[in-house]
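Note sheet for the following structure.
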Amino acid sequence: MPFVELDTSLPADRLPPRLAQDLCAAAAAILGKPAERVNVTVRSGLPMVLSGSAEPCAQLFVSSIGVVGSAEQNQQHSARFFDFLTAQLGLGPERIIIRFYPLEPWQIGKNRTVMTFL
């Protein structure tokens, strides 16, 4: 059950209209998970500074069980997420940063229990 959160200083009117849906589909493909299990949040128009600069930028947070736990996995994911984000947001790769967080099944609550027991 991946969680993908995109924060950007770009205003909402500069984002593609289907960005959340397209990011969901891209994350599912990149992480090898069904789209029905991917959760996406997009927050725009945020005051942000990246690498000391307030020029337009974005941060992507990716957390999931089992697929973001190693440098080798994340190197491959990173390249594919960067390709998607630079194309969709019109930002250079130097204005985007990605953070990966591995999760354990007991850290995600669903249907009044945790994923460990589902």
*Given (1) over 13 Å from Val4 (Cα atoms); (2) of a type outside the set (S, T, N, Q); (3) at pLDDT 95 or above, number of the condition Leu118 does not satisfy*: (3)
_Residue list for the stretch 80-97, filter: open to solvent by less than 30 Å² (accessible area, probe 1.4 Å) and either without any contact (Cβ under 8 Å) to a residue 12 or more places away in the chain or more than 20 Å from Glu55 (Cα to Cα) (or both)_ = Phe81, Gly92
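Scan the stretch 75-97 residue by residue and report those that are of a type in the set (Val, Ile, Thr) and part of a helix (DSSP H, G or I). So that I can check it myself, show each step before the final result.
Here is the first cut: in the stretch 75-97, the ones of a type in the set (Val, Ile, Thr) are 86, 96-97.
Matches in the stretch 75-97: Thr86 only.
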*Mind checking which pairs have a first residue in the stretch 48-62 that is open to solvent by less than 80 Å² (accessible area, probe 1.4 Å) and a second that is at pLDDT 95 or above and of a type in the set (Gly, Ala, Ser), Cβ under 6 Å, 6 or more apart or different chains?*
Met48/Ser9; Pro56/Ser9; Cys57/Ser9
*Give the stretch 18-59 a look and list any residue that's touching a Cys at 6+ places or on another chain (Cβ under 7 Å) and not β-branched (Val, Ile, Thr), or say none.*
Ala35, Met48, Leu50
*Output the number of residues of the stretch 10-29 satisfying the condition of being in contact with a helix residue (DSSP H, G or I) (Cβ under 9 Å, 6 or more places away or on another chain), open to solvent by 10 Å² or more (accessible area, probe 1.4 Å) and within 21 Å of Cys57 (Cβ to Cβ).*
5
*Six or more apart or on different chains, Cβ under 6 Å: which pairs go from a residue in the stretch 23-42 that's touching a residue at least 40 places away in the same chain (Cβ under 8 Å) to one that's surrounded by 14 or more Cβ atoms within 10 Å (Cβ to Cβ) and part of a helix (DSSP H, G or I)? Could you list them?*
Ala26/Phe84; Ile30/His77; Ile30/Arg80
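Out of the residues in the stretch 98-118 meeting the condition of being part of a strand (DSSP E or B) and exposed (fewer than 14 other Cβ atoms within 10 Å of the Cβ), tell me which one is farthest from the chain's Cα centre (by Cα).
Taking the stretch 98-118 first, the residues part of a strand (DSSP E or B) are 98-103, 109-110, 113-114.
Adding the requirement that they be exposed (fewer than 14 other Cβ atoms within 10 Å of the Cβ) leaves 99, 101, 109-110, 113.
On the way: Arg99: 8, Tyr101: 10, Gly109: 20, Lys110: 20, Thr113: 25 Å.
Taking the candidates together, the pick is Thr113.
The values are calculated or read from the model by the stated rules, or taken from the named source; none is laboratory data. All figures in this text were calculated on a predicted structure; none of them were measured in a lab. Cβ sites come from the backbone with ideal geometry, for glycine too, and all protein chains shown count toward neighbours. Calculation scope for accessible area: heavy atoms of the full protein, side chains included, ligands and nucleic acids excluded. Shrake-Rupley method; radii C 1.70, N 1.55, O 1.52, S 1.80 Å.
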